[in-house]
Structures are given as structure tokens and as C-alpha cells.
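Notes to accompany the following structure.
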Amino acid sequence: MLYGKGGNGKSVFLNLFGKFLGIENIARESLQKLENDKYSVANLYGKLANICPDLPSNTLHTTDIFKQLAGNDTYIRGEKKYRDAFSFKNKARLTFSANTLPKGNIDYAFSRRWILIQFPNSFENNQDKDLDEKLTPELSGLLNLALEGLKRLLANGFSNSKSVGETQEEYLINCDPVRMFLDECTELTDQNVSHYEMYETYSEWAEGKKITVLKENPFCKQMRSNGVFSRRISLFDEKVLHMVKKSQFVRISIK
């Protein structure tokens, strides 16, 4: 998964990758479509890679198909419309890019299948719109570099310098930072915490993690999506936060 804000070279990289493999050897199914469209999986049969740039940020309600496709020895069911279903082992490497990583059940089994590559630099102000065309004549030279990499790959296999836990944290902090903040810094209790105090603490936490601090309105929206709501109580009409479903308040508990 290549991720980062737009204008940072993700699509150029994937286009170059596609030119090496040849358009006939590539599928272009999104992660969401693979999970939700029963005919989508069959399009990976016989392909070397599935390359999908600019994934939508739609929530992944299930990740079962992704886990099967990313497994090494799992047979998976494919089906084309109006034809018999068939089973095959997926050989297509799943390669995606996204500005915002899609939310979902980011569990251990999901996280261990990813190699996350951040594209941190932005070229919006000096973007070369002809870069794809300029790189095409250099494909033979770039292929020589790729073949050197292939030797290392065949000798060592795919490697990831990050542990599964580190990958899981990186994914979560980039797709749902408020959920991670709540997991790390809050607990359910019968005591109150003010709306203002919660946001100030979140801001300090985000700065410590070196991630973008959400403005107050988007922060509140994500809090609600995680089940935390604010309401006014007491003589002073103070805004406090609580979990509506559990009828308990949320307290800050910085670790």
C-alpha cells in the first residue's frame, strides 16, 4: 500500500510498474470491489499484479477476500457472470495507493499481510505532468535496476522491516487516528471530562505522534463515529463526553 496526500508520485510509480509488467498482465480491482463484488475476484486469474491507484476511502466492512488473496497457498473461488465458478491460486500481487487508508477491522491477520510505504513529499507546486512520457525511454535502464532487486528478492524473499504491531499502528494512525487516540488515552468511567479538555489532549497526542491534528469539527465527527457523544449537563451547562450505548462517561487517562 502506497499512501500519502496527493501530488507525491504514487500514480507515477504505479504507472511505471504497470509498463514493466504489460497491460495484459494486470488487473485493476479496488480493495472494496474485491470484497463486495463477487465477480471481481475472477479478474485476477492469470494476472501478475492487481494495481489500483487512488483507492476510495470507503470503509472495508469485510476483509476476508483480501486475506485469502494475500495468502500464499489458499485456493479462492472465482466466478464470471453467467459462467461456472472455478477455484484458483492467486498469483497477482496486490498493489494499491490511497490518499487516506480505508477503515475497517484492522486486526492482526489483516495487518500482517501489508507492506505500507509512505510517500511523504509533495510536488504540487512543481509537478511535471509529462513525467510518465519522459520516463518511458528510460525503461531499459530502470529494468536493469529492477533485475538487481530481483536477485535480492529471489535470495531473501519479500521482507518488511516493520513488525506486525508497527504496521497495525501505522495503518490505524493514518486511517482512524481518533479511534487510536481513544484506545490509547481514554477509559470508561463514571467521571466526567469536558469537551474542551478532550480536544486539547487529543491535539497534544497527535503532535506527539507527528500526525496532522484534526480541526475540532472533524475531530467531533470522528468521535461520534466511534460511539462517543457530547451532551450538556450541570448548572454551568458544561459539555461532557460519554458513550451513549454504555451510558458511561469517557475519561482521559494518558499513558
Only one of these is without any contact (Cβ under 8 Å) to a residue 40 or more places away in the chain, closer than 25 Å to Leu14 by Cβ and of a type in the set (Val, Ile, Thr): Ile65, Ile51. Name it. Ile65
Restricting to region 47-78, what's the tally of residues that are at pLDDT 95 or above and surrounded by fewer than 18 Cβ atoms within 10 Å (Cβ to Cβ)? 1
Give me the residue from region 72-87 that is in contact (Cβ under 8 Å) with a residue 12 or more places away in the chain and assigned to a loop (DSSP other than H, G, I, E, B) and, out of that set, farthest from Arg112 (Cα to Cα). Lys81
Small (Gly, Ala, Ser), modelled with pLDDT under 95 and crowded, with 16+ Cβ neighbours inside 10 Å - does that describe any residue in region 13-20? yes
By residue number, the members of region 205-219 that are part of a loop (DSSP other than H, G, I, E, B) and either of a type in the set (D, E, K, R) or assigned by TED's automatic domain parsing to the domain that holds Thr100 (or both) are Lys210, Lys215
Give me a count of the residues in region 198-219 that are touching a residue at least 12 places away in the same chain (Cβ under 8 Å) and not β-branched (Val, Ile, Thr). 9
Any hit, region 167-188, residues being at pLDDT below 80, assigned to a strand (DSSP E or B), closer than 30 Å to Gly227 by Cα and not charged (D, E, K, R): yes
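Out of region 195-249, which residues are of a type in the set (Asp, Glu), at pLDDT 85 or above and under 16 Å from Cys185 (Cβ atoms)? Quick ask: steps written out before the conclusion?
We begin by selecting, within region 195-249, every residue of a type in the set (Asp, Glu); these are 197, 200, 204, 207, 216, 237-238.
Going one step further and asking which of them are at pLDDT 85 or above, we end up with 200, 204, 207, 216.
If the condition is that a residue be of a type in the set (Asp, Glu), at pLDDT 85 or above and under 16 Å from Cys185 (Cβ atoms), then Glu200, Glu204, Glu207 are the ones that fit.
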Can you find a residue that is outside any loop (DSSP other than H, G, I, E, B), of a type in the set (Phe, Trp, Tyr) and in the same structural domain as Leu101 (by TED's automatic domain parsing) anywhere in region 35-43? no
Kindly indicate the residue of region 160-176 that is among the polar types (S, T, N, Q) and without any contact (Cβ under 8 Å) to a residue 40 or more places away in the chain and also surrounded by the fewest Cβ atoms within 10 Å (Cβ to Cβ) among those meeting that condition. Ser161
Quick check on this structure: which one of Tyr196, Tyr202 is over 25 Å from Pro120 (Cα atoms), among the aromatic types (Phe, Trp, Tyr) and either in a helix (DSSP H, G or I) or touching a His at 6+ places or on another chain (Cβ under 7 Å) (or both)? Tyr196
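The values are calculated or read from the model by the stated rules, or taken from the named source; none is laboratory data. It should be emphasised that the depicted structure is a prediction, and the values quoted were computed from it without experimental measurement. No Cβ is skipped: glycine too gets one built from the backbone with ideal geometry, and neighbour counts run over all protein chains shown.
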